[in-house]
Amino acid sequence: MSSTNPETAFFGHPRGLSTLFFTEMWERFSYYGLRAILVLYMVAPVEQGGLGFSIPKASAIYSLFASLNYLLALPGGWLADNIIGLRNGVIYGGMLIAAGNGLMFFPGLGPFYGGLTLIILGTGLLKTNASTMVGTLYGPEDGRRDSGFSIYYMGINIGALVAPLIVGSIAQGINWRYGFPVASAFMAIGLVQFYLGGKHFPRLVFAAAPAASAVEQRQRALYLRLGLAAMVAVVAAAFLLVPSVEALADSFGAILVGIVAFVLGYLLLKGGANTSERRKLAVVCILFFISTLFWSSFEQAGSTLNLFAENNTKNPFPSTWYQSFNSAFLIPLAPVFAALWIRMGQRQPSVPAKFTIGLLFVGLGYVLLMVGAQSAAGGTKVSPLWLTGTYLLHTIGELCLSPVGLSAMTKLAPARMAGFIMGVFFLSISSGNYIGGRLAGFYEKLPLPQLFGGVGGFCIVVALLFALFIKPVARLMEDEPASSGASR
């Protein structure tokens with residue numbers, strides 16, 4: 001592959017970016033439509049069409065759902081790298097997501113839990129592999145890469161903007177369950193256009209990388225069988241041995257810690273084939289922890305902030321609409337940031353610096369909301385401007401960390417494990433989602449100013465400490481002439 005792809009058919013970028021832009025836009029419509037209503041649907045009384053769960057139970061389910069969506073990106077990336085290829089991973093994932101949302105339309109806990117399971121499996125396949133495919137459109141030295149991921153990220157957020165407005169209005173205005181088939185229909189649309197746009201992708205996404213030897217081929221088959229057996233065993237144990245959803249969430253937390261330790265240990269000890277790769281994989285591990293903390297705060301939008309919008313805010317519109325505010329800010333700001341990175345060129349902040357800025361802004365958002373929560377003490381409902389300001393600060397932080405993180409993973413990953421490394425980044429989001437979802441269980445147990453202030457203050461302190469290590473981490477990312485980037 002040449003260092004630069006000369007194609008500029010889509011806003012100066014390769015035409016394949018357009019197909020991935022719309023695929024991820026509709027997948028995120030499905031996800032964020034569900035996220036906007038999930039907690040509120042679970043805690044709504046049965047006579048109002050909800051499930052009547054307590055906030056701790058709903059928070060436990062939400063943390064499991066949000067975390068597993070991203071955790072399964074790890075095996076989803078491995079499957080694409082070794083068995084089915086990136087393109088098929090996206091197709092199979094989209095089919096599962098559409099089926100899961102459709103199943104949740106039917107009443108009863110069986111369709112509810114079954115639908116969530118299918119969505120989790122589908123997202124694990126689709127999301128990591130679609131993001132990895134964006135990286136295949138650019139050569140290792142193509143300066144458009146970060147800009148391309150910012151444009152791709154804008155597509156994500158168009159879906160996230162529209163979904164709560166449509167799905168939330170239908171769910172809160174007509175019937176909670178009617179929002180689910182809407183999400184299913186749009187995922188199906190995204191899948192069709194992805195299939196039709198396949199001619200714009202490089203050939204390497206259509207099949208898994210061939211095994212280097214017969215031994216490696218047998219190892220792949222063995223790992224696949226072991227993985228499927230482990231998944232069946234975990235699901236069976238969850239249903240047969242765990243007494244409650246809260247206990248299941250606690251047990252999952254311990255498992256998640258073990259998975260993180262194993263994956264990061266593997267990257268540090270076994271992942272790199274040479275010094276350059278080992279240095280870059282060390283950076284992946286460092287960025288992993290900053291990303292986890294960021295997402296543990298940011299992704300409370302679907303839980304803690306959603307409950308604050310419903311219970312503590314004067315709402316001139318359905319409370320689910322606040323879930324669109326992040327994307328409403330991001331869509332006009334994303335091209336600004338994309339243009340800014342290109343204009344600054346070599347003078348732009350390094351990846352570690354951008355991560356630090358992102359973490360700082362998400363912390364500032366919670367400090368602002370802490371002040372609003374103090375005004376809400378005693379049951380008083382506060383102005384929507386408090387949440388609006390919080391979402392604006394969070395959006396600025398997100399633009400400094402999330403698209404940059406996606407791009408960084410494609411640059412830091414050795415070619416043979418591109419999908420897996422993207423799955424590692426999503427594992428950080430999984431860990432953050434789990435922590436954020438569990439924190440929502442304290443919504444009724446702690447004073448809200450204390451809850452929001454603790455989250456925001458911790459993020460700010462860690463950001464300031466990490467700022468001291470920006471230059472050393474950036475030096476670890478520097479390419480050696482013979483191994484500059486991963487050509488795929």
Among helices (runs of 4 or more DSSP H) entirely within the stretch 90-207, at least 2 residues that are closer than 17 Å to PRO403 by Cα occur in 109-136, 145-173
Just to be sure, is TYR434 of a type in the set (Phe, Trp, Tyr), farther than 27 Å from ALA338 by Cβ and in a helix (DSSP H, G or I)?
yes
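Any chance you could count how many residues in the stretch 36-59 are part of a helix (DSSP H, G or I), over 24 Å from LEU165 (Cβ atoms) and of a type outside the set (Val, Ile, Thr)? Let's see the steps before the verdict.
So in the stretch 36-59, the residues part of a helix (DSSP H, G or I) come out as 36-43, 46-48, 55-59.
Those still in the list that are over 24 Å from LEU165 (Cβ atoms) too: 46-47, 55-57, 59.
Filter once more, so that each one left must be of a type outside the set (Val, Ile, Thr): 47, 56-57, 59.
Residues flagged as part of a helix (DSSP H, G or I), over 24 Å from LEU165 (Cβ atoms) and of a type outside the set (Val, Ile, Thr) within the stretch 36-59 amount to 4.
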Which of (1) modelled with pLDDT under 85; (2) surrounded by fewer than 11 Cβ atoms within 10 Å (Cβ to Cβ) is the odd one out, the single condition VAL235 does not satisfy?
(2)
Which of the residues spanning the stretch 161-215 are at pLDDT 90 or above, buried (at least 17 other Cβ atoms within 10 Å of the Cβ) and of a type in the set (Phe, Trp, Tyr)?
TRP176, PHE180, PHE186, PHE194
Flagged pairs (Cβ under 9 angstrom, 6 or more apart or on separate chains; first in the stretch 324-350, over 23 Å from THR390 (Cα atoms) and modelled with pLDDT of 85 or more; second of a type in the set (Val, Ile, Thr) and surrounded by fewer than 21 Cβ atoms within 10 Å (Cβ to Cβ)) are GLN348/ILE342; PRO349/ILE357; PRO349/ILE470; SER350/ILE470; SER350/VAL473
Of the conditions (1) without any contact (Cβ under 8 Å) to a residue 12 or more places away in the chain; (2) in contact with a Leu (Cβ under 9 Å, 6 or more places away or on another chain); (3) among the hydrophobic types (A, V, I, L, M, F, W, C), VAL46 satisfies every one except a single condition; which number is it?
(2)
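For every residue, the table says whether it meets (1) buried (at least 24 other Cβ atoms within 10 Å of the Cβ); (2) assigned to a helix (DSSP H, G or I); (3) of a type outside the set (Asp, Glu); (4) at pLDDT 90 or above.
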residue: ALA247; (1), (2), (3), (4): no, yes, yes, no
residue: GLY258; (1), (2), (3), (4): no, yes, yes, yes
residue: GLY265; (1), (2), (3), (4): no, yes, yes, yes
residue: LEU268; (1), (2), (3), (4): no, yes, yes, no
residue: LYS280; (1), (2), (3), (4): yes, yes, yes, no
residue: LEU287; (1), (2), (3), (4): yes, yes, yes, yes
residue: THR292; (1), (2), (3), (4): no, yes, yes, yes
residue: PHE298; (1), (2), (3), (4): yes, yes, yes, yes
residue: LEU305; (1), (2), (3), (4): yes, yes, yes, yes
Of the residues that make up the stretch 403-425, is at least one surrounded by fewer than 21 Cβ atoms within 10 Å (Cβ to Cβ), over 25 Å from the mean Cα position of the chain (by Cα) and either touching a residue at least 24 places away in the same chain (Cβ under 8 Å) or at positive phi (or both)?
no
Just the residues that are over 15 Å from LEU369 (Cβ atoms) and β-branched (Val, Ile, Thr), please, taken from the stretch 280-305.
VAL283, VAL284, ILE286, ILE290, THR292
Is the stretch 369-392 home to any residue that is closer than 30 Å to ALA282 by Cβ and either out of contact with any Phe, Trp or Tyr (no Cβ under 6 Å at 6 or more places or on another chain) or part of a helix (DSSP H, G or I) (or both)?
no
Considering (1) touching a Phe, Trp or Tyr at 6+ places or on another chain (Cβ under 6 Å); (2) hydrophobic (A, V, I, L, M, F, W, C); (3) at pLDDT 90 or above, say which one LEU96 fails and leave the rest.
(1)
Based on what the data block shows, is LEU224 in contact with a Gly (Cβ under 8 Å, 6 or more places away or on another chain), under 26 Å from GLY89 (Cα atoms) and either in contact (Cβ under 8 Å) with a residue 24 or more places away in the chain or not in a helix (DSSP H, G or I) (or both)?
no
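The values are calculated or read from the model by the stated rules, or taken from the named source; none is laboratory data. None of the values given here were measured: they were computed from a predicted structure. Quick reminder, even Gly has a Cβ in these numbers, built from the backbone with ideal geometry, and neighbours come from all protein chains shown.
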